[in-house]
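Here's the structure we're looking at; comments come further down.
No lab work stands behind these numbers, since they all come straight from the coordinates. The structure presented is a predicted model; accordingly, all values stated were derived computationally and were not measured. We place every Cβ from the backbone using ideal geometry, glycine too, and count neighbours over all the protein chains shown.
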Amino acid sequence: METRSYPAVYRIVHWAIAVSFLLLLLTIFLRLTWMNKHNVAAIIQDQLANTDQHVSEDQAIALAKKIRQPMWDWHIYMGYALVGLFAFRFMLPAFGRMKFQNPLGKSLSATAKFRKWTYLVFYAMVVVSLATGLLIEWGPKEWKEPLEEVHVLGIYYLVAFIAIHLAGVFWAEFTDQKGIVSRIVSGSAARSEP
């Protein structure tokens, strides 16, 4: 197995994309759990009830949406950042800086083909998520609801990809590509002690 080094541009793009995805997942997780509009609305209603003030459920939900809006704005900002990062990532092969993942090579092992196909499917799904996100923000309002249904499915492929990616990295690290983690962090293989 060839030992691959990772140039600085590759590592920067890789980690910038990884951090952006983790921040997106955090906003999704918060929106689905603690910052769920119904949870926040219930807290508002409970707190106001202690002061003999009352708001309707609809009013509490409207207030809850306003409270969590800044968090959701970060989801949108990370989406824009990912659009830029993926556009940059897709341009790099044209400059010879990163290779295109070609799963059709005859000499590739089954593992290498699986890895390359996984990345291509991931990239396709990311493009769909980014396109639907942009259209939700900038497209016609009548498209918003069906686009949101497609966009929400992104959480499933993203979590699945992260799990497959981490499993593959650990598998490679402990089998035939020792030092892969240190190479993606520092760019070169870790030096062994004499």
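What's the local net charge at Lys66, with K and R +1, D and E -1, over the other residues with C-beta under 12 Å away? Could you put the intermediate results ahead of the total?
Values: positive: Lys37, Lys65, Arg68; negative: Asp73.
Overall, the nearby charge balance is +2.
Ignoring chymotrypsin sites (Phe, Trp or Tyr not before Pro) that are buried or in helix or strand per DSSP, and keeping those with at most 12 other beta carbon atoms within 10 Å, what is the longest stretch of the chain between them?
Numbers: sites that count: Trp34, Phe100.
With chymotrypsin sites (Phe, Trp or Tyr not before Pro) excluded where exposed in loops, the chain gives 101-194 as its longest stretch.
Rounded to the nearest 20 debye, the dipole size of the range 31-93 about its Cα centre is 380 debye, using +1 on the Cβ of Lys and Arg and -1 on the Cβ of Asp and Glu.
Gain on full extension, evaluated as 0.36 nm per residue between Ile162 and Val9 minus their Cα-Cα distance, stands at 53.0 nm.
In debye, nearest 20, what is the charge dipole magnitude of the chain about its Cα centre with +1 on Lys and Arg Cβ and -1 on Asp and Glu Cβ, if you could check?
Numbers: 19 positive and 14 negative charges, 230 e Å.
Charge dipole, the chain, about its Cα centre: 1100 debye, nearest 20.
Could you compute the FRET efficiency for Leu30 and Glu149, with r as their C-beta to C-beta distance and R0 at 25 Å, rounded to 0.05? Efficiency, from the Cβ-Cβ distance: 0.75. Think of the range 8-186 as a dipole: +1 on every Lys or Arg Cβ, -1 on every Asp or Glu Cβ, centred on the Cα centre; then among Leu82, Phe21, Ala110, Ala110 lies furthest on the positive end. Okay, which of the range 80-106 sit inside 18 Å, backbone N to the point 7 Å along the Cα-Cβ direction of Ala124? From the range 80-106, the list is 90, 100-105.
Bridgeable lysines around Lys141 (alpha carbons under 26 Å apart, same-chain partners fewer than 8 residues away excluded): Lys37, Lys65, Lys66. In vacuum, with every alpha carbon of the chain counted as one equal point scatterer, what does the Debye formula give for log10 I(q)/I(0) at q = 0.08, 0.12, 0.13 Å⁻¹? Two decimals, please. The computed values of log10 I(q)/I(0) come out as -0.39, -0.75, -0.84.
Kindly identify the range 106-181 as rounded, prolate or oblate by the Cα gyration tensor criterion: order the square roots of the eigenvalues as a ≥ b ≥ c, call it rounded if a/c is under 1.5, otherwise compare a/b with b/c, prolate if a/b is larger, else oblate.
Working: a/c = 3.94, a/b = 2.66, b/c = 1.48.
Taking the square roots of the gyration eigenvalues as a ≥ b ≥ c, the range 106-181 is prolate.
Here the relative contact order of the range 8-186, from alpha carbon pairs under 8 Å that lie six or more residues apart, stands at 18 percent. Charge tally around Phe29: other residues with Cβ under 15 Å, Lys/Arg +1 each, Asp/Glu -1 each, net +3.
Dipole orientation for the chain: of the candidates Asn36, Trp143, Gln177, Gln177 has the Cα lying most toward the positive pole (charges on Cβ; Lys, Arg +1; Asp, Glu -1).
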